[in-house]
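Okay, so here's the structure we're looking at.
The values are calculated or read from the model by the stated rules, or taken from the named source; none is laboratory data. Owing to the predicted nature of the structure, the values given are computational and were not obtained by experimental measurement. Cβ: placed from backbone, ideal geometry, glycine included. Neighbour counts: every protein chain shown. Calculation scope for accessible area: heavy atoms of the full protein, side chains included, ligands and nucleic acids excluded. Shrake-Rupley method; radii C 1.70, N 1.55, O 1.52, S 1.80 Å.
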Amino acid sequence: MISLNMIERTFRQVTNRAWLVVVFFGLLVTLAGSQLDKIRLDASSDSLLLQGDPDLAFFRETSRHYASGEFLILTWRPSGDLLAAPSLEPLAAMVEALQKIPGVLSVTSILDVPLLESPPLSLTDLSEAEQLPTLRDPTIDTGLAFKEFTTSPVYRDLLVGAAGDVSAIQVSLATDPAGAVLLDEREVLRDRARTNELDPEAELRLPEVESRYDAFLAAEAERRSELVAEVRSVAEQFRPYAEIFVGGVPMIAADMIDFIRADLVVFGIAIIGIMVLVLGIIFRDWRWVLIPILNCSVTAAMMLGLLGFLDWRMSVISSNFVAVLLIITLSLSVHLVVRYRELEQLQPHQSRRLRAASAAQLMLVPCSYTALTTIVAFASLMVAGIQPVIDFGLMMTVGIVLAFVTTFMLVPALISFLPSPIKIVPIPVDNGMTVRFAGWVERYGTGVLLFSGLLIVVVAVGISRLKVENRFIDYFKESTEIYQGMELLDARLGGTIPLDIVLYPPRQERSIDTEVDGRVDTPEPERSDFGAVTGSDMFDDSFADDPFGDDGFGGGDFFAEEGSVAPSFWFSPQGRDLLDRAHGLVEHRTETGKVLSLSTAFEVMDGLYGAPLGAIELALVQNSMPEDVAATLVRPYFYPETDEARISVRAKETSRDLKRDQFLRELHLELVDTLDVAPERIQFTSLLVLYNNVLQSLFKSQILTLGVVFLVIGLMFWGLFRSLPLALLALAPNVLAAGLVLGVMGLFGIPLDIMTITIAAIVVGIGVDDCIHYIHRFRSEFAIDRNYHAAMRRSHASIGRAMYYTTLTVMVGFSLLTLSNFTPSLYFGLLTDLAMVAAVAGALLLLPQLILVFRPLGPEGGR
């Protein structure tokens with residue numbers, strides 16, 4: 001056990017060798033600065049996946065079946081007619097320019113898709129045609145083409161809006177197969193690791209593969225960002241001819257990274273500037289402005305340098321750790337400064353070095369416990385199962401340790417190193433804001449308790465309304481291109497968020513012998529309650545229902561030749577009837593936009609044939625279609641090796657009525673009941689299912705673990721204060737503060753999602769700090785005269801000032817985040833401010849009133 005004498009000698013060594021300490025941290029900051037250029041922001045698929053998700057393999061398997069890949073979508077909305085020469089000529093030039101961009105695999109537009117009804121072709125013409133007409137043919141009838149684009153079940157509301165005034169251009173991006181090889185190897189090794197089946201060689205191989213795949217993702221992200229910039233540059237050149245929006249997952253990923261990077265730089269500097277201003281107003285002494293700001297800057301710089309050195313990448317979620325680390329470091333700094341100023345008033349003739357060492361020694365115990373309890377709060381994030389949330393918890397854990405060590409070495413050294421002021425600014429004793437809080441507690445104590453009781457009711461109502469449903473579009477302001485593009489895609493071009501429905505035929509119809517619960521040659525994964533198989537690459541191939549390119553309007557290496565594929569259940573009258581009913585049911589849901597499947601192909605062929613297709617005609621559709629027609633109407637929705645059919649759905653992300661979990665459950669139940677099939681024959685996958693899975697996991701893991709966190713913190717309070725009643729009293733304001741933030745989120749409709757889930761840990765960490773500091777000081781003051789009211793007034797006038805100053809400084813600084821274009825950053829600023837207010841109000845109003853009522857330190861009077 002470390003003795004008090006050893007602690008005292010340590011701090012005296014720090015203050016006596018202040019120059020050495022300052023030089024040491026100067027060298028550390030220099031080293032950290034050399035690593036800052038290595039810091040990376042990560043928006044890859046792995047950064048938003050549930051770790052160990054058993055359904056991820058099924059998603060990736062389905063993606064391989066239908067050759068899904070990344071793509072960008074550009075909207076083309078000319079002021080005149082869509083198919084007039086003033087629109088088509090610049091459109092053709094833009095398509096040509098896009099095709100020349102390195103990394104672009106293909107570009108699909110209204111210029112190149114096959115036209116089957118301009119004029120109408122017969123089924124015989126279709127099967128015998130060597131080349132189908134497109135809009136590029138000079139003899140094409142644009143009037144008929146316009147009608148086909150706006151009425152065809154394939155093109156309407158997907159390639160061309162129903163009104164015929166807007167079109168979509170898909171830019172398919174080339175992929176590096178090396179990434180898929182590394183991903184497959186990593187997943188195989190991880191699966192074996194989870195079942196303890198790794199041999200020594202594989203144990204060494206796993207970290208190597210993980211490192212190589214991480215490096216691949218980083219390089220790929222840079223390439224994608226550059227490609228998106230080039231696509232935007234091309235689009236900008238043609239904006240005089242049409243209204244153009246750029247959309248797609250790669251663009252969203254690039255923009256989110258840009259938003260976060262801008263917020264880190266711009267708002268980081270602005271927040272520090274505001275902190276300087278507020279600290280100057282509060283302390284009116286340049287020393288107490290410079291020392292906390294220097295300490296915060298040094299801590300943040302060293303932590304960022306560590307991230308760069310370790311290649312520990314920040315995501316859009318964990319990037320908030322810098323702001324939270326500033327709060328915690330500032331709090332530690334201000335507590336030391338306030339304590340030193342008290343000693344400066346009480347012991348004006350003592351040397352600065354001794355006062356600095358004494359202040360550090362006096363604050364070591366409470367600050368140690370605040371650091372430990374805050375670490376416990378952030379450790380709760382590590383059970384989320386989502387890597388960026390886990391990283392946020394780990395980064396905060398490391399950052400808090402670094403902030404604690406830096407504060408208790410650098411702040412005393414700076415205090416003893418900097419010159420004394422000519423005139424010491426006195427500390428106001430009787431007219432401070434915290435003294436007024438003490439007066440309110442004495443005069444209106446009963447009101448404080450009644451108001452707290454009312455807040456409990458409000459919190460209960462708010463938490464009951466807390467939801468995990470959110471709209472991804474709400475992450476961005478209406479003025480951003482992302483918002484406007486997603487809104488246009490939802491309203492005019494069939495929707496944005498994908499859902500794939502995979503259907504399996506009856507067992508007796510299967511052409512493959514190996515079956516497991518309605519699945520072929522595929523291990524049965526654990527499923528959610530509605531039977532959906534989840535897992536996705538949020539920012540790599542999450543739009544699995546690629547309606548163009550390889551699984552849409554061209555490309556691929558599967559050539560439809562007669563007799564090349566065994567007869568399928570889905571190309572029989574019975575199979576078609578099942579598909580038509582499933583397709584119709586999905587299409588009539590208000591949450592869905594564009595729906596495509598083999599049923600769409602059959603509808604088109606019915607029109608060409610002039611009557612519903614019979615068994616022979618259906619077989620011809622399977623085996624005798626020209627390559628470009630098969631690539632458009634068959635391959636995206638049928639996988640012959642397992643005889644599975646796919647319904648590709650676009651849900652309307654901008655709809656305020658979309659409730660993902662409820663929609664998925666209801667839809668799966670309706671399909672099972674309407675089609676009268678076994679539940680395992682209908683499986684859901686793609687981004688809609690994955691994102692719902694993530695949100696539901698967050699709600700269960702974080703809300704339920706808050707109880708465990710409070711239990712652990714309560715035990716730590718008991719160990720610190722050696723009093724169970726005092727520990728319970730200290731816990732009450734923290735529970736109320738955390739509940740208040742969550743309740744306000746519920747009342748104002750702010751969803752609990754991957755961006756806001758961290759606020760619960762933040763409010764617990766801040767609230768715990770305030771309560772520990774207050775009770776620790778209250779016990780010291782109470783020991784002087786054993787007078788509860790006098791001890792409360794002195795505590796408010798001393799430690800209460802540090803809490804109040806920290807809260808005020810952070811609130812003013814973080815209010816700047818409301819100017820961010822990235823809505824999660826805006827919410828983070830507002831909720832952090834609310835968390836700070838709730839924490840300090842609980843510690844300076846509710847906690848002292850509870851102490852006055854229950855008197856946990858024993859009766860007044862005596863020693």
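Annotations for the structure displayed:
Conditions tested, residue by residue: (1) farther than 30 Å from Lys594 by Cβ; (2) open to solvent by less than 30 Å² (accessible area, probe 1.4 Å); (3) basic (Lys, Arg); (4) touching an Asp or Glu at 6+ places or on another chain (Cβ under 6 Å).
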{"residue": "Tyr637", "(1), (2), (3), (4)": "no, yes, no, no"}
{"residue": "Ser648", "(1), (2), (3), (4)": "no, yes, no, yes"}
{"residue": "Leu658", "(1), (2), (3), (4)": "no, yes, no, yes"}
{"residue": "Leu711", "(1), (2), (3), (4)": "yes, no, no, no"}
{"residue": "Ser723", "(1), (2), (3), (4)": "yes, yes, no, no"}
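- Scanning region 588-614 for residues that are hydroxyl-bearing (Ser, Thr, Tyr) and more than 19 Å from Leu126 (Cβ to Cβ), we see that the one that is surrounded by the most Cβ atoms within 10 Å (Cβ to Cβ) is Ser597.
- Every residue from region 5-46 that is open to solvent by less than 30 Å² (accessible area, probe 1.4 Å) and part of a helix (DSSP H, G or I): Phe11, Val14, Thr15, Ala18, Val21, Phe25, Ala32, Ser45, Asp46
- Members of region 742-778 found to be of a type in the set (S, T, N, Q), part of a helix (DSSP H, G or I) and surrounded by fewer than 24 Cβ atoms within 10 Å (Cβ to Cβ), listed by number: none
- Out of Ala235, Ala270, Ala202, Ala218, sole residue that is under 19 Å from Ile101 (Cβ atoms) and either in a helix (DSSP H, G or I) or under 25 Å from the mean Cα position of the chain (by Cα) (or both): Ala235
- Single match in Glu117, Glu128, Glu96 (criterion: of a type in the set (D, E, K, R) and under 38 Å from the mean Cα position of the chain (by Cα)): Glu96
For every residue, the table says whether it meets (1) under 23 Å from Val634 (Cβ atoms); (2) touching a helix residue (DSSP H, G or I) at 6+ places or on another chain (Cβ under 8 Å); (3) without any contact (Cβ under 8 Å) to a residue 12 or more places away in the chain; (4) charged (D, E, K, R).
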site	(1), (2), (3), (4)
Ser122	yes, yes, no, no
Leu132	yes, yes, no, no
Thr139	no, no, yes, no
Lys147	no, no, no, yes
Gly161	no, yes, no, no
Ile169	no, yes, no, no
Leu173	no, yes, no, no
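- Of residues in region 194-217 being of a type in the set (Ser, Thr, Tyr) and either modelled with pLDDT of 85 or more or under 30 Å from Leu111 (Cα atoms) (or both), the one most open to solvent (accessible area, probe 1.4 Å): Ser211
- Against the list (1) in contact (Cβ under 8 Å) with a residue 40 or more places away in the chain; (2) over 35 Å from the mean Cα position of the chain (by Cα); (3) buried (at least 24 other Cβ atoms within 10 Å of the Cβ), the condition Met803 fails is (2).
- Residue count for region 99-113 satisfying the condition of being surrounded by 15 or more Cβ atoms within 10 Å (Cβ to Cβ), of a type outside the set (Gly, Ala, Ser) and in a loop (DSSP other than H, G, I, E, B): 5.
- Residue check: Val376 meets all listed conditions (1) under 26 Å from the mean Cα position of the chain (by Cα); (2) open to solvent by less than 30 Å² (accessible area, probe 1.4 Å); (3) modelled with pLDDT under 90 but one, namely (2).
- Candidates Ala235, Ala262: the one that is among the small types (Gly, Ala, Ser) and within 26 Å of Asp165 (Cβ to Cβ) is Ala235.
- Pick from region 466-510, criterion without any contact (Cβ under 8 Å) to a residue 60 or more places away in the chain and either part of a strand (DSSP E or B) or over 24 Å from Pro679 (Cβ atoms) (or both), ranking: nearest to the chain's Cα centre (by Cα): Tyr483
- Pairs where the first residue, in region 442-464, is at negative phi and the second is polar (S, T, N, Q) and in a helix (DSSP H, G or I), C-beta under 8 Å, 6+ apart: Gly445/Gln849; Val448/Gln849; Leu449/Gln849
- Output for region 156-193, where each listed residue is among the aliphatic types (A, V, I, L, M) and either crowded, with 21+ Cβ neighbours inside 10 Å or assigned to a strand (DSSP E or B) (or both): Leu158, Leu159, Val160, Val166, Ala168, Ile169, Val171, Leu173
- Test for Val322: is it within 19 Å of Leu27 (Cβ to Cβ) and in a helix (DSSP H, G or I): no
- If the condition is being closer than 23 Å to Leu493 by Cβ and outside any helix (DSSP H, G or I), then region 595-633 contributes Val595, Leu596, Ser597.
- Criterion applied to Val316, Val322, Val298 was being under 17 Å from Ile39 (Cα atoms) and at pLDDT 90 or above, and the one residue passing it is Val298.
Per-residue answers, yes or no, for (1) buried (at least 21 other Cβ atoms within 10 Å of the Cβ); (2) touching a Leu at 6+ places or on another chain (Cβ under 8 Å):
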{"position": "Thr62", "(1), (2)": "yes, no"}
{"position": "Thr75", "(1), (2)": "yes, yes"}
{"position": "Pro90", "(1), (2)": "no, no"}
{"position": "Ala97", "(1), (2)": "no, no"}
{"position": "Leu115", "(1), (2)": "yes, yes"}
{"position": "Ser127", "(1), (2)": "no, yes"}
{"position": "Gln131", "(1), (2)": "no, no"}
{"position": "Thr139", "(1), (2)": "no, no"}
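- Contacts under 8 angstrom Cβ, first residue in region 609-636 being among the acidic types (Asp, Glu), partner not in a loop (DSSP other than H, G, I, E, B), 6 or more apart: Glu617/Leu123; Glu617/Met605; Glu617/Tyr609
- Total residues in region 143-172 satisfying the condition of being among the polar types (S, T, N, Q) and over 21 Å from Val107 (Cβ atoms): the figure is 2.
- Residue satisfying condition, being at pLDDT 90 or above, under 30 Å from Leu217 (Cα atoms), within 35 Å of the chain's Cα centre (by Cα) and of a type outside the set (Val, Ile, Thr), within set Leu56, Leu41, Leu28: Leu28
- Residue match in region 691-701 (condition: open to solvent by 10 Å² or more (accessible area, probe 1.4 Å) and in contact with a Pro (Cβ under 6 Å, 6 or more places away or on another chain)): no
- Looking across Thr806, Thr756, Thr823, one residue alone is in contact with a Ser or Thr (Cβ under 6 Å, 6 or more places away or on another chain) and of a type in the set (S, T, N, Q). It is Thr806.
- Failed item, numbered, when Arg223 is tested on (1) over 29 Å from Leu27 (Cα atoms); (2) open to solvent by less than 30 Å² (accessible area, probe 1.4 Å): (2)
- Test: residue in region 246-262 that is over 30 Å from Leu808 (Cα atoms), at pLDDT 85 or above, touching a helix residue (DSSP H, G or I) at 6+ places or on another chain (Cβ under 6 Å) and open to solvent by 30 Å² or more (accessible area, probe 1.4 Å): no
- Among (1) part of a helix (DSSP H, G or I); (2) surrounded by fewer than 22 Cβ atoms within 10 Å (Cβ to Cβ); (3) of a type in the set (Gly, Ala, Ser), the one test that Ala838 misses: (2)
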